[in-house]
Amino acid sequence: MNNRQLFQQHVAQTSPAPVGIEIVKAEGNYLYDVDGNRYLDLIGGISVCNIGHRHPAVVQAINDQADAYLHVMVYGELVQSPQVKYAELLAGHLPASLDCVYFTNSGAEATEGALKLARRATGRTEVICCNNSYHGNTMGALSVMGDEYWRNAFRPLLPGVGHYDYNSMELLAAINEQTACVIIETVQGEAGVIEPDTNWIQQLRNKCTATGALLIFDEIQCGFGRTGKLWGFEHYGVVPDVVLLGKALGGGMPLGAFIASHELMQVFTNNPVLGHITTFGGHPVCCAAGMAGLKALLDEQMTDGVADKEKLFHSLLIHPAIKAVRSKGLLMAVQLQSAEMVMHALQRCMAKGLFSDWFLFAPDCIRIAPPLTITHDEIRHACEILIASLDT
Ligand code: PLP
């Protein structure tokens, strides 16, 4: 059997139609397959590779840390400098109230940790979240996912969870003294890129403060410069009680985090002690890689060009088949007439060396979330292919 057949046979499959190209290398803004094809990566591993693939500083940090130590002990017992230094760097680039980092292995685990933190800190059990939201696929995260099609087969889920429309007054009205937390994506990703109304998100902050509910912003997809600012919430003048990070956090390695105040996070150290446990969370190699990645993002000022690149995409994505282009920075959704058209266009793009994808709750949209390092020439080239893929 060749690798493609082995992939189908021995690697658990969840997609009825996986992309299935065999990757041999990824570098900068490109993927390379076993047949010698090169693909311009328009989705950056779904918002992971914000600084491009295999940034030299990240590769160096991984090698250096591998030379020193790999896993040594479960989370939170030994002082491991990659964790400590990365937590310090993150805290230094977040509002002062978000100064204590709990590192996890993934975004979903960050969601789980934050939900536990909210229950433990408030003594309440009710959770408010949004329709069309995505926070991960573990049971707690699935419970706060906003789509019945994906939730229903896995019931019973967490009790006490209410789903409301993003940007709706109903959501604000539902928050009360029984609410442990409200969890939202700062900018909704899988919904097909939906921004919060500034007024709404500010009212949300006020209502949470007034009722003592924790406000959790999921920045797993929209953080790390994706929207043109380091954190999505910087656009709206609000600060959450807990922020969730993942994806680009690890510079290409698996890493997640939930971040809150030192005071809030202390609830995990008593009654019960070890209130949240992980073996691998904050793995030293992942933290070293992530820190090198964040430094590269900052030093090379990668967020600075995002707004201009977003504008360039908008100026080029004009075609009768395009119903709308929604974006916040380089998190973009190109809405077509139907999901079938999207699938057809994606296949044609792939054949021309352009790699893209659709959205979980917006299958009629093409996803654009390239490395922030994509150049203006590459944007022009990508849009030429994309537009041609829409012609019949
Ligand atoms: N939250 C958001 C907004 C996401 O986009 C994702 C993943 O796509 C997650 C959480 C879950 O992260 P992970 O797949 O690392 O568990």
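Okay, residues lined up against (1) buried (at least 17 other Cβ atoms within 10 Å of the Cβ); (2) acidic (Asp, Glu); (3) not in a strand (DSSP E or B):
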{"position": "Leu298", "(1), (2), (3)": "no, no, yes"}
{"position": "Ala321", "(1), (2), (3)": "no, no, yes"}
{"position": "Val325", "(1), (2), (3)": "yes, no, no"}
{"position": "Glu378", "(1), (2), (3)": "yes, yes, yes"}
Completion exercise
In the set Gln80, Gln9, the lone residue that is more than 29 Å from Leu372 (Cα to Cα) and open to solvent by less than 30 Å² (accessible area, probe 1.4 Å) is Gln80
Fill in the blank from the handout: Residue hits (the range 333-375; open to solvent by 20 Å² or more (accessible area, probe 1.4 Å), in contact with a helix residue (DSSP H, G or I) (Cβ under 6 Å, 6 or more places away or on another chain) and not in a strand (DSSP E or B)) are Arg348, Lys352, Pro363, Asp364
Problem - Single residue of Glu234, Glu263 found to be in the same structural domain as Val285 (by TED's automatic domain parsing), more than 22 Å from Gly113 (Cα to Cα) and either within 11 Å of the ligand (Cβ to nearest atom) or not in a loop (DSSP other than H, G, I, E, B) (or both) - result: Glu234
Handout entry: Cross-chain or 6+ apart pairs with Cβ under 6 Å, the range 1-30 first and assigned by TED's automatic domain parsing to the domain that holds Leu372, then basic (Lys, Arg) and in a loop (DSSP other than H, G, I, E, B)
Key = Glu27/Arg54
Handout entry: Failed condition for Asn63, given (1) under 20 Å from the mean Cα position of the chain (by Cα); (2) in a helix (DSSP H, G or I)
Key = (1)
Exercise for the section: May I ask you to verify whether Gly281 is modelled with pLDDT of 95 or more, open to solvent by 10 Å² or more (accessible area, probe 1.4 Å) and over 17 Å from His93 (Cβ atoms)? Expected result: no
Practice task
Could you grab the pairs with beta carbons closer than 6 Å, sequence gap of 6+ or different chains, first residue in the range 244-271 and in contact (Cβ under 8 Å) with a residue 12 or more places away in the chain and open to solvent by 10 Å² or more (accessible area, probe 1.4 Å), second one within 11 Å of the ligand (Cβ to nearest atom) and of a type in the set (Ser, Thr, Tyr)?
Solution key: Lys247/Ser47
Exercise for the section: Would you mind stating whether Ile220 is β-branched (Val, Ile, Thr) and crowded, with 24+ Cβ neighbours inside 10 Å? Expected result: yes
Exercise for the section: From (1) in a strand (DSSP E or B); (2) in contact (Cβ under 8 Å) with a residue 12 or more places away in the chain; (3) of a type outside the set (Ser, Thr, Tyr), pick out the condition that doesn't hold for Asn50. Expected result: (1)
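The values are calculated or read from the model by the stated rules, or taken from the named source; none is laboratory data. Computed from a predicted model, the values in this text were never measured in an experiment. Please note: Cβ atoms are built from the backbone with ideal geometry, for glycine as well, and neighbour counts cover all protein chains shown. Surface areas here come from the heavy atoms of the whole protein model, side chains and all, with no ligands, DNA or RNA. Shrake-Rupley method; radii C 1.70, N 1.55, O 1.52, S 1.80 Å.
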